[in-house]
Each structure stands twice: as C-alpha cells, then as structure tokens.
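In what follows, a single structure is set out as structure tokens and then discussed.
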C-alpha cells in the first residue's frame, strides 16, 4: 500500500492504527531500557543525584543588608577618593533618595590568615576563619527592598509563596533523625526578619517541609505531661489518636496540611524527650560558654551566642537544615535592630559587630573541633549590599542591590577563595557577576543534588529553587 496515496478507506485507517500502537509500545520498551541501570532518585529517601560532599546546612542570615565594603570586601579606592563624587553617578538617586559623596569605611582592613585576605578590623574572631571561606564578592539582587530581598535570598524568588532553600532540601533529602525537625529556623531575640515566616516557608511543597521555629529565648511550649495524667494513660491516648488520625488522613490523601499536622503532633510527642535535651545549655561546660560569649554582659550578644550553641546542638543531633538569624526586621530607627545603616553607619555597626563576631566564629570553631565541618555546609547571607556613597545629608549608606558579598565554607568548599568582585568603589558587581540562583546551584551540587532535576510541578510549571536559571560555580569547589 502506497503510504502517500489518497486512499482513506477503513481498512487503511485500521492498518495505520495498528502500526502506530506498535510504535508506541516499542518506544515505551526502548525508554524503559534506556532507564535501566540509572540512579532512580526518589525525594525524601536520603538519596542523591551524585556523591554528596556535605549532608547538612547551617545558613546564617544577617537581615538589613550588611555592608560588603565594611565587612568583607576591601576597597582602597574608597580611602583614596573619600568625600569625592562617585564618578559617573554624581546625582544618583537610590532607594531613599539622592546620594552624597563617596565614604570610606570607618574601620581599617587587615590581612588575615595564610591567604592574607583583607577583612574588617572589627571582625577579629571571624578573621581566623578566612582560609576556610569561599567569598562570593560579585553578588547581585533583583530588588532593593528588605522584605522581597530577604525572601529572594532565602527562596530564589522575590515574591512570597515559594519554598525556602531549607524546605527544598527537606523535601529532597528527608530527615536524619526521628526525634527532631528536619528544618529549624532560629530567629533573633530582637524579632523575626523582614517578611517574617515567608523566609522559611514550605511554599507549594507539602506543609511538613516548612521550618519549625525554635530559639534559646523561645522554649518549646507544652512539652510537660500534666501531673494528673499517668504515663500509661498518655501512651494509650497517643495510640488511639494515631489510629484515628491515620484513618482520617487515608480518606483525604490530597490534604498535605492535614498529613503535616499529624506528623507535627507525632514529632511533638517525641520532642517531649528530645527538645529539653537539645535546649539544656546548663550541660555545656564553662569553656564553651566563654568561647561563644553566652556569658557576656551584652544581653543581645549573649542571646545570639545561646542561639549559636542551639544551632550546633541541633546540627549534631541530626537536624538537616538550620536557619540562624543575627538581627531582625527594620525598626523605627534605622540600624537599631538590624544592619540597615542609613544614617549612622559607624554607630550602628559598632553595636552589631560585637554581637555577630565572637559567637559566629565560635560556632565555626566548635563545628571544626567536633569534626562536623567536613560534612556541614555553612552559608553566610544577607539580602543585598550598600552604596559606597553617603546617603545625602547623613553618615550612612543606602541600599545597593547591584553588588554585595555572600560566602560559604565547610564540606566540599575551597577555603581561601574569592569568586567575583565589585568595581573599585564597591558599587556594582563587575567580575563574574553572580545571582542567588548560581549560589544555590552550587549549594545543591555540594549536597549531591542536581539543581535542574530538583523540581515540583506547580501552576503548570516545573518549579525549582533556582527558577529557570543557575549553574554550578566550580571555582569554589575542592
């Protein structure tokens, strides 16, 4: 039969249908054969796409847009041209208005470590770790507003409703312990970051992947059994509740929030034992409290130090992802509660540096001493940078989404590395500009996950932590 003839008889139609079905069957068999022997990755089962270099993550977040040129990236040209106009941008209008002249950092920078990395003299404790850190100096953001900026750095999207990095990793890798949450957020004693819980949301992922909030200053409530309830009565009640919950959930399989609520109650039951143990800071020896500064007379520093100890205790007990915050949302006075130093940079940062420096460095030292840094990935993040100029009429800096610094250290990371850079004044990412999508592509790679394969179908699209962007930055990997 001529395949190109105009014969549309029933016999020819049925013959073509048969041939077509044979082709479909053959293509299915060939597809199955091509998949044979592949690593069939299944989310939440502890499997990875490739060999992981780390298995847990500590993400330290400094809300308020900590200034890169006053902490991590030395700019000698700011010192040379202090009080002069920024070339080509003499009348630039940024987030809060017109900018004044260039302003050098109020503090000297000093070489640190064998690498000689220049770092602010206000960070003497963190300076001891520079040989283990890979700095990303060419970061760029999509937004210059704190709330969307924080959400963007935490989720890869500038609008709310998307899963945070911790939620993605909870979904991808699952739990390492039955007695503690997979993902924990530790807010600062001064309050939640801008946009609050959206920073550790599960977004459209199942609700069980959102972070559980814990902090040294926020003890977990309702863990103690009432005196009038006996142990056997409590066990029997739990068994009955488990039976009723499972039966109810089986009738509504699509209600992920219901399943998450059941899991949360079951976890809460197990945490009656585990949570008091993990928050028992009295069991820590005196030298640990001295190392972290949790015995400091500075109440804010002592509170953050206790949260750093809590982060270590959670990580060593199997929590997969810990979000640790140093500072909170903006206040009525800029720079009072976070790193948003619009008007009085020097006074603001001389309040924040001591709170951040010793406890954070101690946490890194403690992880090293316990052998945990080999398989722990540590991230330091903030939402964007600050301008190299004075904000008009002030001695502070305005928002700058065009250039700033993030860093990572730990398992799989090449220490003493610096990837990318801003221009001579710190105004814009100039060398190897980098977005949070490349940053998280690299994070996922270190954890053994392919950023292009980690996705969730939502609203007609396969959504990813890295959106439709990203690539792994090999230059910072061992």
(request) Give me the number: length gained by fully extending residue 249 to residue 128, i.e. 0.36 nm times residue separation minus the C-alpha to C-alpha distance, one decimal in nm. (result) 38.4 nm
(message) Could you list 431, 133, 189, 446 so that the one with the fewest beta carbons within 10 Å of its beta carbon is first and the one with the most is last?
(response) 431, 189, 446, 133
(request) Express as a percent, rounded to the nearest 5, the fraction of DSSP beta bridges in the chain (both residues included) that run antiparallel. (result) 55
(request) Rounded to the nearest 0.05, what FRET efficiency do residue 235 and residue 370 give with R0 = 30 Å and r taken as the Cβ-Cβ distance? Could you check? (result) 0.30
(request) For every helix of n ≥ 4 consecutive DSSP H residues, a contribution of -39,500 (n - 2.57) applies; sum these over the chain, divide by its total residues, and give [θ] at 222 nm rounded to the nearest 500 deg cm²/dmol. (result) -10500 deg cm²/dmol
(message) Given points 7 Å out from each Cα along the Cα-Cβ axis, report the residue 213 to residue 242 separation in nanometres with one decimal.
(response) 3.0
(message) Once you place label points 7 Å from the Cα toward the Cβ at residue 472 and residue 450, how far apart are they in nm?
(response) 1.1
(request) Rank these for me by crowding, 407, 72, 200, 456, going from fewest to most other beta carbons within 10 Å. (result) 456, 407, 72, 200
(request) Give the order of 104, 312, 397 when sorted by the count of other beta carbons within 10 angstrom, beginning with the fewest. (result) 104, 312, 397
(message) Defining a contact as two alpha carbons under 8 Å apart and six or more residues distant in sequence, what relative contact order in percent does the chain show?
(response) 27
(message) For a test of the definition: using alpha carbon positions, the gyration tensor, and the 1.5 limit on a/c, classify region 345-389 as rounded, prolate or oblate.
(response) oblate
(request) With all distinct Cα pairs included, what does the Kirkwood hydrodynamic radius of the chain come out to in Å, to one decimal, could you say? (result) 24.4
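Rule-based calculations on the coordinates, nothing more; no lab input. Computed from a predicted model, the values in this text were never measured in an experiment. Cβ atoms come from the backbone with ideal geometry, glycine included; neighbour counts cover every protein chain shown.
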